[in-house]
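A short write-up of the structure that comes next.
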Amino acid sequence: MCESVKRVRSKSVTSSDVDSYLDRAKEQNGGSFADVHVEEVKSLGRIVPVFLTIIPYWTIYVQMSSVYFLQGERMLLTIGGFMIPVSSLNLFNIIIILILIPLMDRLVYPCLANLGLNFTQLRRIGFGMILASLSVVAAAIVEVCRKQDLRTNGGIPQDISGTVYNSSSISVFAQIPQFTLIGASEVFTSITGLEFAYSQSPPSMQGVVMGMFLLTTGLGSYLGSLLVVIVNAASHDDPWLPDEINDGYVERFFILLAVLMILDFIVFVILAWRYKYVEREDVLQLDTSYKKPQETENSVQSQTQQAGDTAL
């Protein structure tokens, strides 16, 4: 990159020779780096901004195993004397994934392609973001109804593993929409994101790029924890997320996540609109260009060794 900056004002390279200022660092433009290495850096420059916009998605996703469970513990878990484990709602997340993956891959995507509708990878990722925001909106609606029921009818003492919670009379199955929506979003954003990372990166850097995509999962979790700290600090006198959520305003936290997701989605749309896809043939050609210098070097070494053996 430093090499390209030094050559920005170089008269030997005209604007018609480059698509990016990084092209000035190529050997063919008088730079110091192999063309294939410059192209690899350019590919990261296209992919990384997209990955950054996926981080807030994972912030919402991790709510499924945290705040959603806290909410479920304070809802009616018993049916006919049998207590349903709070974590069992994850089953609906798994079911929708198992249904949607083959349905989308074998039926919906091919049908859209036959109709001339190009449901690109970035469009799928964006659609998953919308579903994730709808999930926390559904959770906020459930929370409002749950707390209204507590105020109207009073709570029901509910013992879960030795801890008694003041629970609403609304069934925990009211959480099914939010778990289903977050599961559906995973099909579009998470799975397609992996496909996008693999298909848009050069073969020599696919492991790095896939690792960077998976890194967004951890960053999203850290962002969620940071948001909790910031929100509780900002609402110190009347915290949104106290230890006992019946005394807080979890619904406000859910709405905040939805708003942040929408703002992030707007940024994502701008990036997606400007993004230029790399065709698979170009990626393979880049890999071939990377291998040729290595093959030439190996050939020279082999010939040198053979000549030495003949002289001996």
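For the range 200-228, a residue qualifies if it is among the hydrophobic types (A, V, I, L, M, F, W, C) and open to solvent by less than 30 Å² (accessible area, probe 1.4 Å), and the qualifying residues are Val209, Phe213, Leu227. Being over 27 Å from Ile130 (Cα atoms) and among the β-branched types (Val, Ile, Thr) narrows it down to one of Ile156, Ile182, Ile176, Ile170, so name that one. Answer to the check: Ile156.
Only one entry in Arg74, Arg106, Arg46 is of a type outside the set (A, V, I, L, M, F, W, C), in contact with a Lys or Arg (Cβ under 8 Å, 6 or more places away or on another chain) and more than 22 Å from Met212 (Cβ to Cβ), namely Arg74.
Among the conditions (1) in a helix (DSSP H, G or I); (2) surrounded by 13 or more Cβ atoms within 10 Å (Cβ to Cβ), the only one that Leu107 does not satisfy is (2). All conditions but one from (1) closer than 14 Å to Ile125 by Cα; (2) open to solvent by less than 20 Å² (accessible area, probe 1.4 Å); (3) in contact with a Phe, Trp or Tyr (Cβ under 7 Å, 6 or more places away or on another chain) apply to Val231; the one that does not is (1). Count of the range 48-70 residues, restricted to those that are out of contact with any Asp or Glu (no Cβ under 6 Å at 6 or more places or on another chain), part of a helix (DSSP H, G or I) and closer than 16 Å to Tyr222 by Cβ, is 13. Hey, any hits in the range 89-96 for a residue that's of a type in the set (S, T, N, Q), open to solvent by 30 Å² or more (accessible area, probe 1.4 Å) and either free of Cβ contacts under 8 Å to residues at least 40 places away in the same chain or under 27 Å from Val209 (Cβ atoms) (or both)? No; the residues of the range 89-96 include none that is of a type in the set (S, T, N, Q), open to solvent by 30 Å² or more (accessible area, probe 1.4 Å) and either free of Cβ contacts under 8 Å to residues at least 40 places away in the same chain or under 27 Å from Val209 (Cβ atoms) (or both). Cβ-Cβ distances below 7 Å connect the following pairs, each with a first residue in the range 240-255 that is without any contact (Cβ under 8 Å) to a residue 40 or more places away in the chain, a second residue that is among the hydroxyl-bearing types (Ser, Thr, Tyr), and a separation of six or more residues or different chains: Trp240/Tyr249. Of all residues in the range 163-187, those that are open to solvent by less than 40 Å² (accessible area, probe 1.4 Å) and in contact with a Cys (Cβ under 9 Å, 6 or more places away or on another chain) total 2.
Filtering the range 234-262 to residues that are of a type in the set (Gly, Ala, Ser) and surrounded by fewer than 16 Cβ atoms within 10 Å (Cβ to Cβ) leaves only Ala234. Can you name every residue in the range 144-162 that is under 35 Å from the mean Cα position of the chain (by Cα) and either closer than 12 Å to Glu244 by Cβ or open to solvent by less than 80 Å² (accessible area, probe 1.4 Å) (or both)? Answer for the range 144-162, where residues must be under 35 Å from the mean Cα position of the chain (by Cα) and either closer than 12 Å to Glu244 by Cβ or open to solvent by less than 80 Å² (accessible area, probe 1.4 Å) (or both): Val144, Cys145, Arg146, Lys147, Ile160.
The values are calculated or read from the model by the stated rules, or taken from the named source; none is laboratory data. Fair warning: this is a prediction, and the values are worked out from it, not measured in the lab. Positions of Cβ are backbone-derived with ideal geometry, glycine not excepted, and every protein chain shown enters the neighbour counts. Each accessible area value is taken on the protein alone, full model and side chains, heavy atoms only, with ligands, DNA and RNA left out. Shrake-Rupley method; radii C 1.70, N 1.55, O 1.52, S 1.80 Å.
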